[in-house]
Amino acid sequence: MIALVQGEVAVRRPDHVVVLAGGVGYRLAVSAETLKHVPAVGKAATLHAHTILRDDAIALFGFASEEERDLFLLLLGVQAVGPKVALAVLGGGPPRELLRAIAAQDTKRFQAVPGIGKRTAERIIVELREKVAGKVSDEIVVRHTPTDDPRTLAREGLLGLGFTPQEADGMLDTAAGDTPEDLIAEALKAGR
């Protein structure tokens, strides 16, 4: 199994990077959060990796930290969460914040991620709450009241897709809709 890829960034795209190491270009699928830590093309990069073997493909996933890779593996253990959904969840913020959201049972945070409905968000919380309890100490856990405001949830969803706070706010200024999903869809149409 490939656990670490270190080399020069050859390609940098929203959903993947290619790192040239030892004359071989490794294509690693990455989250929006990891992409923030990947330097420009031509610069040196080190990514923690996880390999998934399937009958029709070998998929390599890259992470900025071991903590993010560990959370990815935990998410893969949740029923109905595959690699793409797990990467989308990881794009919602730093691993520490996501662990806090799980510990605080903040299902709304996960529902804001495209591809995750109420049931999947609840399943993530239920199946991972006890596993992450040891990783998040009581003094670090931030208790906050989850919001039901569709605009706030849509903004979090856009941030999870990799947009900056300024871009998300600008896109939502002209978006109309009653649900976070409608607002995100309208914002993405306007952003094209």
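The values are calculated or read from the model by the stated rules, or taken from the named source; none is laboratory data. Just so you know, these numbers come straight off a predicted model, no measurement behind them. Note that each Cβ is placed from the backbone with ideal geometry, even for glycine, and that neighbours are counted across all protein chains shown.
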Can you name the residue in the range 122-132 that is more than 15 Å from Arg100 (Cβ to Cβ) and touching a helix residue (DSSP H, G or I) at 6+ places or on another chain (Cβ under 9 Å) and, of all such residues, is surrounded by the most Cβ atoms within 10 Å (Cβ to Cβ)?
-> Glu127
Of Ala44, Ala29, Ala57, Ala80, the only residue that is out of contact with any Ser or Thr (no Cβ under 9 Å at 6 or more places or on another chain) and modelled with pLDDT under 95 is Ala57
Mind listing whichever residues of the range 70-89 are among the aromatic types (Phe, Trp, Tyr) and on the phi > 0 side of the Ramachandran plot?
-> none
Looking at Ala64, Ala40, which is the one that is under 17 Å from Val9 (Cβ atoms), out of contact with any Phe, Trp or Tyr (no Cβ under 6 Å at 6 or more places or on another chain), free of Cβ contacts under 8 Å to residues at least 40 places away in the same chain and loosely packed, with under 15 Cβ neighbours inside 10 Å?
-> Ala40
Subset of the range 77-93 (residues that are closer than 20 Å to Glu156 by Cβ and surrounded by fewer than 16 Cβ atoms within 10 Å (Cβ to Cβ)) | Lys84
Please find, among Leu74, Leu47, Leu35, the residue that is closer than 26 Å to Arg96 by Cα, assigned by TED's automatic domain parsing to the domain that holds Thr120, surrounded by 13 or more Cβ atoms within 10 Å (Cβ to Cβ) and in contact (Cβ under 8 Å) with a residue 40 or more places away in the chain.
-> Leu74
